[in-house]
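The values are calculated or read from the model by the stated rules, or taken from the named source; none is laboratory data. All figures in this text were calculated on a predicted structure; none of them were measured in a lab. Cβ placement follows ideal geometry from the backbone for every residue including glycine, while neighbour counts extend to all protein chains displayed.
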Amino acid sequence: MTILLLLIICKSYGQQDSKTQKLINYKHLGGFSEIGIPLYDLPEGNRYVPLLFGLSYNLPLWQTKKKFNISTEIKPQFGYLLSTQKNIELGINVMFNFNFLVSRNSYLSYKMSSGPHYINIETDKQAKGFIFSDNFQLGYYHHLKLSEKHYSLGVVGGFRHISNASIKQPNNGIDNWMIGISLAKLFN
């Protein structure tokens, strides 16, 4: 309830005239790809190397007239584990982004997210099935104008932890450094 109230307040606070629209205040709809860099081997001797693909919808919660805003992002995703055979991951994350305008055409974003996922890999470190994916990322986004349409091209890097909140054992979690790219269409 508190989060819902915060979202409503942020959405209504600081709305601005579209003539002065800043890059960080645009809505985005696009796609992304990220790859995980394992921090360690799994007990079975292989590594957890996810290649994620997905969609991204970014909605400003607080539109600013200055250089900072807050937005939320919804990211349904599918992952294929490059390090094993026939293992997949799928889920959805909800992100909160803290965006800082660097120039008229670029911004930095610190992102935090969590969301339910499913993995089908069997490992002594983490039970297969329902898990949560928690992410902390730093991203750089740049405005592109292609044939009169506006886009955002981004690169991200950060830390990702998956575990199931002790619903099922084992629950030691799996950690990765993540790097990725995104391309999204901008909307007023």
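Which residues, taken from region 87-109, are within 19 Å of Ile162 (Cα to Cα) and in contact (Cβ under 8 Å) with a residue 24 or more places away in the chain? Explain how you work it out, then say what you get.
Filtering region 87-109 down to residues within 19 Å of Ile162 (Cα to Cα) leaves 87-96.
Listed by number, the residues that qualify are Asn87, Ile88, Glu89, Leu90, Gly91, Ile92, Asn93, Met95, Phe96.
Taking Gly157, is it in contact (Cβ under 8 Å) with a residue 12 or more places away in the chain, under 13 Å from the mean Cα position of the chain (by Cα) and buried (at least 17 other Cβ atoms within 10 Å of the Cβ)?
Details: in contact (Cβ under 8 Å) with a residue 12 or more places away in the chain: yes; under 13 Å from the mean Cα position of the chain (by Cα): yes; buried (at least 17 other Cβ atoms within 10 Å of the Cβ): no.
For Gly157, the condition - in contact (Cβ under 8 Å) with a residue 12 or more places away in the chain, under 13 Å from the mean Cα position of the chain (by Cα) and buried (at least 17 other Cβ atoms within 10 Å of the Cβ) - is not met.
So which residues in region 101-119 are hydroxyl-bearing (Ser, Thr, Tyr), surrounded by 14 or more Cβ atoms within 10 Å (Cβ to Cβ) and within 18 Å of Asn25 (Cα to Cα), if there are any at all?
So the first thing to find is which residues in region 101-119 are hydroxyl-bearing (Ser, Thr, Tyr), and the list is 103, 106-107, 109-110, 113-114, 118.
Among the residues that remain, those that are also surrounded by 14 or more Cβ atoms within 10 Å (Cβ to Cβ) are: 106-107, 109-110, 113-114.
Within region 101-119, Ser106, Tyr107, Ser109, Tyr110 qualify.
Look through Tyr141, Tyr118 and report the one residue that is in contact (Cβ under 8 Å) with a residue 24 or more places away in the chain and under 22 Å from Phe68 (Cα atoms). Please lay out each step first, then the result.
Values: Tyr118 fails: under 22 Å from Phe68 (Cα atoms).
So the residue among Tyr141, Tyr118 that is in contact (Cβ under 8 Å) with a residue 24 or more places away in the chain and under 22 Å from Phe68 (Cα atoms) is Tyr141.
Kindly indicate which of Leu146, Leu138, Leu183, Leu153 is out of contact with any Gly (no Cβ under 9 Å at 6 or more places or on another chain) and at pLDDT 95 or above.
Numbers: Leu146 fails: at pLDDT 95 or above; Leu138 fails: out of contact with any Gly (no Cβ under 9 Å at 6 or more places or on another chain); Leu183 fails: out of contact with any Gly (no Cβ under 9 Å at 6 or more places or on another chain).
Selected residue: Leu153, the only one of Leu146, Leu138, Leu183, Leu153 that is out of contact with any Gly (no Cβ under 9 Å at 6 or more places or on another chain) and at pLDDT 95 or above.
Quick one: count up the residues across region 85-100 that are within 19 Å of Gly157 (Cα to Cα) and either buried (at least 19 other Cβ atoms within 10 Å of the Cβ) or touching a Gly at 6+ places or on another chain (Cβ under 9 Å) (or both).
Pass one, region 85-100, residues within 19 Å of Gly157 (Cα to Cα): 92-100.
Within this subset, residues satisfying the condition of being either buried (at least 19 other Cβ atoms within 10 Å of the Cβ) or touching a Gly at 6+ places or on another chain (Cβ under 9 Å) (or both) are 92-95, 97, 99.
Within region 85-100, residues that are within 19 Å of Gly157 (Cα to Cα) and either buried (at least 19 other Cβ atoms within 10 Å of the Cβ) or touching a Gly at 6+ places or on another chain (Cβ under 9 Å) (or both) number 6.
Are there any pairs, at least 6 apart or on different chains, whose C-beta atoms fall under 7 Å, with the first in region 161-188 and touching a residue at least 12 places away in the same chain (Cβ under 8 Å) and outside any strand (DSSP E or B) and the second exposed (fewer than 14 other Cβ atoms within 10 Å of the Cβ) and among the acidic types (Asp, Glu), and if so, which?
Listed pairs, sorted by first residue: Pro170/Asp124.
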